[in-house]
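Enquirer: First the structure, which I've put down as structure tokens, then a few questions once you've had a look.
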Amino acid sequence: MCKSKGMFVQFTVAIDGPAAAGKGTIARALADTFGMAHLDTGLLYRAVGRRALDGVPPVIAASTLRHRDIARTDLRTPDVAQAASEAAAIPEVRAALVAFQRDFARREGGAVLDGRDIGTVICPDAEVKLFVTADANTRANRRWQELSQSGVDITEAEVLASIHERDARDASRDAAPMVAAQDAIQLDTSTLTIDEAVAAAQAHVKARQGNQT
């Protein structure tokens, strides 16, 4: 981490955790609060998954990923989520996306990245590491409401089953399994409001920044 005239030039916040735990919401809030850039790394894998569903081999999809692929509006569907998780289990796919994420993480002005292996693989030296989680039923309800509001016809039970399946696959894959970094701060959002979860995360970042001055 570097400083210039009292301002943080490089400061990385790594946020990991399972689907629908709230890490994306927290990451965006932290980026806004502290004036940092934000990268939802899951969108990279969703874009690869979407291209895979379109017939492009996952490794080729990852190595030729473009900004317009990440900007697509059809990346939040259940079939894309499953394809993304399957693609993420391929070592060559992850390797193709590592450099992009690491370059983003050390950009001037600081960066917040959320995903599943940010604190363990992508940014093991991040100044702040958070592992955001919540119980499966809570996460399923959140995701079901989100999908329903988007017009996706799916039951809450189907979402719960998908979350259980994805959790198992993400935690057991050989390539960068989803686990909390040993020095990550655990943040369980099961019983927290959005404001409470964001406030807790903000306090951790502020404390770490204070230690860096």
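Enquirer: Please go through region 163-209 and pick out each residue that is touching a Lys or Arg at 6+ places or on another chain (Cβ under 8 Å) and closer than 15 Å to S85 by Cα.
Expert: Within region 163-209, I163, D170, A175, A176, M178 qualify.
Enquirer: Please work out which residue is surrounded by the most Cβ atoms within 10 Å (Cβ to Cβ), limiting yourself to region 180-192 and to residues that are β-branched (V, I, T) and within 28 Å of V121 (Cα to Cα). Walk me through how you get there before you give the answer.
Expert: First pass over region 180-192, keeping only residues β-branched (V, I, T): 185, 189, 191.
This time we only want the ones that are within 28 Å of V121 (Cα to Cα), so: 185, 189.
Working: I185: 17, T189: 26.
The qualifying residue surrounded by the most Cβ atoms within 10 Å (Cβ to Cβ) is T189.
Enquirer: Then there is this: Could you check, for region 180-196, whether at least one of its residues is in a helix (DSSP H, G or I) and among the charged types (D, E, K, R)? I'd like the intermediate steps shown before the answer.
Expert: Just the residues of region 180-196 that are in a helix (DSSP H, G or I), to begin with: 194-196.
Those left that are additionally among the charged types (D, E, K, R): 195-196.
Yes, because at least one residue in region 180-196 is in a helix (DSSP H, G or I) and among the charged types (D, E, K, R).
Enquirer: Kindly indicate the residue of region 159-213 that is at pLDDT 95 or above and among the acidic types (D, E) and also farthest from R28 (Cα to Cα) among those meeting that condition.
Expert: Result: D183.
Enquirer: Applying the selection to region 98-124, what residues are surrounded by fewer than 24 Cβ atoms within 10 Å (Cβ to Cβ), in contact (Cβ under 8 Å) with a residue 24 or more places away in the chain and either assigned to a loop (DSSP other than H, G, I, E, B) or not hydrophobic (A, V, I, L, M, F, W, C) (or both)?
Expert: Q101, R106, R107, E108, G109, T120, P124
Enquirer: Right, next: Which of the residues belonging to region 80-92 are more than 16 Å from the chain's Cα centre (by Cα) and either closer than 19 Å to Q145 by Cβ or β-branched (V, I, T) (or both)?
Expert: I90
Enquirer: Collect the residues in region 128-150 that are in contact (Cβ under 8 Å) with a residue 12 or more places away in the chain and hydroxyl-bearing (S, T, Y), keeping them in residue-number order.
Expert: T133, T138, S150 - these are the residues of region 128-150 that are in contact (Cβ under 8 Å) with a residue 12 or more places away in the chain and hydroxyl-bearing (S, T, Y).
Enquirer: Among the numbered criteria (1) touching a residue at least 40 places away in the same chain (Cβ under 8 Å); (2) outside any helix (DSSP H, G or I); (3) of a type in the set (D, E), which one does D153 miss?
Expert: Exception for D153: condition (1).
Enquirer: If you check A95 against the conditions, is it of a type in the set (A, V, I, L, M) and free of Cβ contacts under 8 Å to residues at least 24 places away in the same chain?
Expert: On the way: of a type in the set (A, V, I, L, M): yes; free of Cβ contacts under 8 Å to residues at least 24 places away in the same chain: yes.
Against the criterion (of a type in the set (A, V, I, L, M) and free of Cβ contacts under 8 Å to residues at least 24 places away in the same chain), A95 qualifies.
Enquirer: Of the residues E127, E92, which single one is within 12 Å of V13 (Cβ to Cβ) and surrounded by fewer than 24 Cβ atoms within 10 Å (Cβ to Cβ)? Steps first, please.
Expert: Details: E92 fails: within 12 Å of V13 (Cβ to Cβ).
Sole residue among the options that is within 12 Å of V13 (Cβ to Cβ) and surrounded by fewer than 24 Cβ atoms within 10 Å (Cβ to Cβ): E127.
Enquirer: Got a number for residues in region 8-36 being over 19 Å from D117 (Cβ atoms) and hydrophobic (A, V, I, L, M, F, W, C)? Can you show your working first?
Expert: Going through region 8-36, the residues over 19 Å from D117 (Cβ atoms) turn out to be 8-11, 25, 28-29, 31-36.
Then drop every residue that is not hydrophobic (A, V, I, L, M, F, W, C), which leaves 8-9, 11, 29, 31, 34, 36.
Matching residues across region 8-36 total 7.
Enquirer: Got a number for residues in region 48-79 being surrounded by 14 or more Cβ atoms within 10 Å (Cβ to Cβ), modelled with pLDDT under 95 and among the β-branched types (V, I, T)?
Expert: Residues in region 48-79 being surrounded by 14 or more Cβ atoms within 10 Å (Cβ to Cβ), modelled with pLDDT under 95 and among the β-branched types (V, I, T): 2 in total.
Enquirer: Okay, moving on. Could you check region 156-179 and list, in sequence order, the residues that are crowded, with 16+ Cβ neighbours inside 10 Å and either in a helix (DSSP H, G or I) or touching a His at 6+ places or on another chain (Cβ under 8 Å) (or both)?
Expert: V159, L160, S162, I163, R166, D167, R169, D170
The values are calculated or read from the model by the stated rules, or taken from the named source; none is laboratory data. On a predicted model such as this, the values are computed, not experimentally measured, just so you know. Every residue, glycine as well, gets a Cβ built from its backbone with ideal geometry; the counts of neighbours run over all protein chains shown.
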